[in-house]
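The values are calculated or read from the model by the stated rules, or taken from the named source; none is laboratory data. All values reported here derive from a predicted model rather than from experimental measurement. For neighbour counting, all protein chains shown are included, and Cβ atoms are generated from backbone atoms with ideal geometry for every residue, glycine included. For the accessible areas, the whole protein counts, side chains as well, though only heavy atoms, and no ligand, DNA or RNA atoms are used. Shrake-Rupley method; radii C 1.70, N 1.55, O 1.52, S 1.80 Å.
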Amino acid sequence: MGGVVMNRHAADPSCSPKITSNRTRFTHRNTRAGFWPPCSRISRQLAASDDTTHAPDIDDTRRIDDMKQKTVRYRLARRVRSLPAETASRLLGMPSISRRLNEAYETARASYRPRLPKLPALDMEIVAGLEKNGVHITSLDKLGLPGTEALWTSATEIANTYALRAGKGEFAGEYTVRVGADAMMRHPHIVGWPLQDRILDIVETYLGLPSAYGTLNFLYTQADGRQVAARRWHRDLEDRRMVKVVVYLHDVDMDAGPLEILHRSFPGSDALDGSNFPILTQEMLEQRLGTTLKSGDVTTCTGKAGTVIFADVASRYHRGRPAIARDRCALFYNFFSRAPLRPFFCERHVFSRQQILELAANQSARARDCMLWRSNVPLLARVVPSARL
């Protein structure tokens, strides 16, 4: 696992103690009406509830993804399925609705502030980094969390297997490969690693609200240099604030696809463009800025295997810098508040809801509440089908 290097670097234009019962029981019930507008007419306009999010029954999603991406029928079906979520996102961006929701959100944060956990100095540094720069870089060694050895052994074994498969050309033409749900169900300790009180306390303190766990994406990224998907500058939509906890399983330098966090705003950076914030290539970003990125404009999160990154990917523009020299494998754990702004975008992972229930069964009460956050989402939000990956 090794040390960590934190670079502020101008981006290359050619690339891209268990919780007390008081905290556990806080569910925003007194503010739900403020978080989501009580409008049955809008609800009827959106699609009916979908309580069966399916995950593939194979060790990884590659074979199914190959088939899906090559069929117009699938692409059309996915687009149609996403329309309710996109419609709801547009509605939430309307000034009158957005203003009301934001007021309720700030009221909820103020109300919950006295219940926030007290953190040790090291963990307060993580929160301070998130507040100031939207990112803090540390390592598994520095965190010293229980269960790290088991996590590392299993995760690196999977990463090495994927590296061998990639070396044989099995993933030719793909920029990123997801480890599937079945493999993760055989290694539940990988999924459950961040659900210990210390991590949850850090996340909760930064969010200012009880946290929800959106599980993880275990990604193998190939070094093909393409500016596609999450390799473009973007903001995540799930909530106003989020914490993504990233664990590098390979050494990641400037050429191996490090996470990058932008520290500058630009015209339109805080406004929805339809149902999403603008998604930009490096060239498009610099065109909006009217200049090239300079030192200090970006935090480039390089580091040895075992580097851990805490990043707010909702309030900050970010990207996975396109890898050009070496592949990399990493774990991406996702956290947001228990009443997220756009819950229909919060299940973009490989697990079915039944699998989430199975994974949550052996967790602490606090961890179960984090995993089963959807039961606290207002009805109007729950009737919007979840957007697929």
Non-local residues with an amide H under 5 Å from the amide H of R232, with H modelled 1.01 Å from N and Pro and chain starts lacking one, are G320
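Is the shape of segment 301-379 best called rounded, prolate or oblate, per the rule: a/c under 1.5 gives rounded, else a/b larger than b/c gives prolate, else oblate, with a ≥ b ≥ c the square roots of the Cα gyration tensor eigenvalues?
On the way: a/c = 2.28, a/b = 1.71, b/c = 1.33.
Since a/c reaches 1.5 and a/b is larger than b/c, the shape of segment 301-379 is classed as prolate.
Rounded, prolate or oblate: pick one for segment 73-204, where a ≥ b ≥ c are the square roots of the eigenvalues of its C-alpha gyration tensor, a/c under 1.5 means rounded, and failing that, prolate if a/b is larger than b/c, else oblate. Provide the component values of the computation, followed by the final result.
Working: a/c = 2.50, a/b = 1.13, b/c = 2.22.
It comes out oblate by the Cα gyration axes.
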Amide hydrogen neighbours beyond the local backbone of D224, cut-off 5 Å, H modeled: A323
HN-Hα J in Hz across segment 188-200 - Karplus 6.51, -1.76, 1.60, θ = phi - 60°, x for Gly and Pro: x, 5, 5, 5, x, 3, x, 8, 9, 3, 5, 5, 5
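Step through the table entries K168/K244; K132/K294; K142/K294; K142/K244; K244/K294, compare each Cα-Cα distance with 20 Å, and write down the pairs that go over it. Please report the intermediate quantities before stating the final value.
Values: K168/K244 31 Å; K132/K294 18 Å; K142/K294 30 Å; K142/K244 18 Å; K244/K294 25 Å.
The pairs that break the limit, which is 20 Å between Cα atoms, are K168/K244; K142/K294; K244/K294.
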Accessible-area order (highest first, 1.4 angstrom probe) of the listed residues W152, W233: W152, W233
³J(HN,Hα), Karplus 6.51/-1.76/1.60, whole Hz, each residue of segment 329-340, x for Gly, Pro: 10, 8, 9, 10, 8, 10, 10, 8, 6, 6, 10, x
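Show me the ranking of peptides 303-309, 378-384, 209-215, 358-364 by mean Cβ neighbours inside 10 Å, starting with the highest.
Taking the mean over residues of other Cβ atoms within 10 Å, the ranking is 209-215, 303-309, 378-384, 358-364.
Rounded to a whole number, what % of the accessible area of segment 88-198 do carbon and sulfur atoms account for, probe 1.4 Å?
Numbers: 2940 of 5400 Å².
So the carbon and sulfur contribution to the accessible surface is 54 percent.
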So how much slack lies between R226 and K294, counting 0.36 nm per residue of separation and subtracting their Cα-Cα distance, in nm? 22.3 nm
Using θ = phi - 60° and the Karplus relation 6.51 cos²θ - 1.76 cosθ + 1.60, list the HN-Hα couplings for segment 295-307 in order, rounded to whole Hz, with x at every Gly or Pro. 4, x, 6, 9, 9, 9, 8, 7, x, 6, 4, x, 5
Using modelled backbone amide H atoms (1.01 Å from N, in-plane), which distant-in-sequence or interchain residues come within less than 5 Å of A314's amide H? D236, M242
